[in-house]
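The values are calculated or read from the model by the stated rules, or taken from the named source; none is laboratory data. Since this is a predicted model, take the numbers as computed values, not measurements. Here the Cβ positions follow ideal geometry from the backbone for every residue, glycine too, while neighbour counts run over all protein chains shown. Note: areas computed on protein heavy atoms with side chains; ligands, DNA, RNA excluded. Shrake-Rupley method; radii C 1.70, N 1.55, O 1.52, S 1.80 Å.
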Amino acid sequence: MDYIKELTNLIQTDILPEVNDNIKDIETQLAKKKNKALKEELDYMKQVKLYFDEVLIDIEKNLLTQEQALDILEGLEDMKVENQDF
């Protein structure tokens, strides 16, 4: 299985669109009311976006191995399971 291709597809079609939507929503909320917790959440979401942007850059430059891609996919699956528990 091509884990790099699977990861690329997941990031481009699911993760980044959702992260971008979250960033826009938080920015809209912040425009209405300044809030330290919202600011921290916005900073966190921007870091998440930066991380996945960097993963895509590494994929583009052929710097990511299949094993690394699998590790990231497994981490994302773990996060998905944890979020479903709540």
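Annotation note: Cβ proximity below 6 Å between a residue of the range 11-39 that is without any contact (Cβ under 8 Å) to a residue 12 or more places away in the chain and a residue that is surrounded by 11 or more Cβ atoms within 10 Å (Cβ to Cβ) (sequence gap 6+ or interchain) occurs for 29/38.
Restricting 6, 41, 18 to those that are open to solvent by 60 Å² or more (accessible area, probe 1.4 Å) and farther than 22 Å from residue 69 by Cα reduces the list to 41. Criterion applied to 29, 68, 47 was being polar (S, T, N, Q), in a helix (DSSP H, G or I) and under 13 Å from the mean Cα position of the chain (by Cα), and the one residue passing it is 47. Every test in (1) surrounded by 12 or more Cβ atoms within 10 Å (Cβ to Cβ); (2) not in a helix (DSSP H, G or I) is passed by residue 62 save one, and that test is (1). All told, residue 56 meets the bar of being surrounded by 15 or more Cβ atoms within 10 Å (Cβ to Cβ), at pLDDT 95 or above, of a type outside the set (S, T, N, Q) and assigned to a helix (DSSP H, G or I).
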